[in-house]
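Contents: one structure, followed by commentary.
The values are calculated or read from the model by the stated rules, or taken from the named source; none is laboratory data. Predicted model, so just to flag it, every value in this text is computed and none were measured. Neighbour counts run over all protein chains shown; Cβ positions are idealised from the backbone, glycine included. Side chains are part of the model used for accessible areas, which takes the heavy atoms of the whole protein and leaves out ligands, DNA and RNA. Shrake-Rupley method; radii C 1.70, N 1.55, O 1.52, S 1.80 Å.
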Amino acid sequence: SPYSSLKREMRNLSEECNLEPVTVSMAYVYFEKLVLQGKLNKQNRKLCAGACVLLAAKISSDLRKHEVKHLIDKLEERFRFNRRDLIGFEFTVLVALELALYLPENQVLPHYRRLTQQS
């Protein structure tokens, strides 16, 4: 898919920030839901990716407060967007996902298996 390199970036960045594979898996599911809804375009796809990682990290309680700040710094630096836009996009993603951030296991597991087998 045209988004596989973006997903690779999501994974690399997550690993640098010591996020768990299950968190990355959740971010992938969010991201794919946005793709399926036709929400992504050239302008916003990096923001989408970043917001998905940020939301997954928050919802899986993978991070403490100062680590969230570090993650946002990393996202900003890697994807070259502005954190204000990222925070705005976080809301857009929430609405697109209809606030359904807790995912059924069967949506997360395939990604999780792939991620944990690769490493």
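Of the set (1) part of a helix (DSSP H, G or I); (2) surrounded by 12 or more Cβ atoms within 10 Å (Cβ to Cβ), all apply to ASN18 but (1).
Rundown of residues vs (1) more than 11 Å from the chain's Cα centre (by Cα); (2) without any contact (Cβ under 8 Å) to a residue 24 or more places away in the chain, yes/no style:
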site: VAL35; (1), (2): yes, no
site: GLY38; (1), (2): yes, yes
site: SER60; (1), (2): yes, no
site: GLU67; (1), (2): yes, no
site: ILE72; (1), (2): yes, yes
site: LEU75; (1), (2): no, no
site: ILE87; (1), (2): yes, yes
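Residue selection: VAL93 satisfies the criterion of being of a type in the set (Val, Ile, Thr), part of a helix (DSSP H, G or I) and open to solvent by less than 10 Å² (accessible area, probe 1.4 Å). Which of (1) assigned to a helix (DSSP H, G or I); (2) more than 21 Å from GLU9 (Cα to Cα) does TYR112 not meet, given it meets every other one? Tallying (1) assigned to a helix (DSSP H, G or I); (2) more than 21 Å from GLU9 (Cα to Cα), TYR112 fails exactly one: (2). The residues of the range 56-88 that are out of contact with any His (no Cβ under 9 Å at 6 or more places or on another chain), crowded, with 17+ Cβ neighbours inside 10 Å and at pLDDT below 85, listed by number, are SER60, ASP62.
How many residues are surrounded by 10 or more Cβ atoms within 10 Å (Cβ to Cβ), more than 13 Å from the chain's Cα centre (by Cα) and either within 19 Å of LYS46 (Cβ to Cβ) or without any contact (Cβ under 8 Å) to a residue 60 or more places away in the chain (or both) if we restrict to the range 96-109? Adding up the residues that qualify gives 2. Scoring SER119 on the criteria (1) at pLDDT below 80; (2) crowded, with 16+ Cβ neighbours inside 10 Å; (3) not hydrophobic (A, V, I, L, M, F, W, C) leaves a single failure, condition (2).
So PHE31 fits all but one of (1) more than 17 Å from SER5 (Cα to Cα); (2) assigned to a helix (DSSP H, G or I); (3) aromatic (Phe, Trp, Tyr); what number is the exception? Result: PHE31 passes all but (1).
Selection within the range 25-55: residues that are open to solvent by less than 30 Å² (accessible area, probe 1.4 Å) and polar (S, T, N, Q). The member of this set that is farthest from ARG113 (Cα to Cα) is ASN44.
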